[in-house]
Structures are given as structure tokens and as C-alpha cells.
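Any read-out appearing in this document is the output of simple, stated calculations on the displayed coordinates, not a laboratory observation. Computed from a predicted structure; not experimentally measured. Here the Cβ positions follow ideal geometry from the backbone for every residue, glycine too, while neighbour counts run over all protein chains shown.
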Amino acid sequence: MTEETIYLPCSEKLTFDTQKQAATAALVASHQHGSKLKIYKCRYCNLWHLASNYEDN
Ligand SMILES: [Zn+2]
């Protein structure tokens with residue numbers, strides 16, 4: 001582990017440890033909000049995030 005503080009562009013995003021957790025959250029969001037979210041593995045933090053389909057990452 002380093003002591004460096006690295007700015008992560010995703011620091012304000014929800015993070016999930018596993019693809020399954022992210023997929024579950026995306027499913028809940030689609031039920032609750034009707035929003036279509038995709039999940040992706042982040043190249044910055046190596047965790048999983050949700051992305052709205054208008055976000056291109
Ligand atoms: Zn990330």
C-alpha cells in the first residue's frame with residue numbers, strides 16, 4: 001500500500017466489490033427509477049460501478 005493520495009475520477013460514484021453486487025444494484029435501480037444502468041469494472045479503482053447509458057465510461 002502506498003501513502004499517496006491519488007485522485008480517482010470515480011470517487012463520488014457508488015462502488016461495488018463484485019460484479020454481482022453491481023448487477024443487483026442496477027436491477028434495483030431499474031425497478032425503482034426505471035433507469036437503465038450498465039455496470040463496468042473501473043480501471044481506476046478496480047471496483048465495479050454503475051453507469052447511466054448516457055455516460056460513456
Ligand atoms: Zn472506480
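Taking 0.36 nm per residue of separation and subtracting the current Cα-Cα distance, fully stretching the chain between SER11 and CYS45 would add 11.4 nm. Amide hydrogen proximity for LEU47: with H placed 1.01 Å from N in the peptide plane, the residues at 5 or more positions away or on another chain lying under 5 Å are CYS42. Computed from backbone phi, the HN-Hα couplings of region 7-12 come to 6, 9, x, 9, 4, 9 Hz, rounded to whole numbers (Karplus: 6.51 cos²θ - 1.76 cosθ + 1.60, θ = phi - 60°; Gly and Pro given as x).
Electrostatic tally near SER30: other residues with Cβ closer than 12 Å to its Cβ, Lys and Arg +1, Asp and Glu -1, net +2.
Each principal axis of the Cα cloud of region 1-53 was taken in turn, and the coordinate range along them, longest first, works out to 40, 18, 14 Å.
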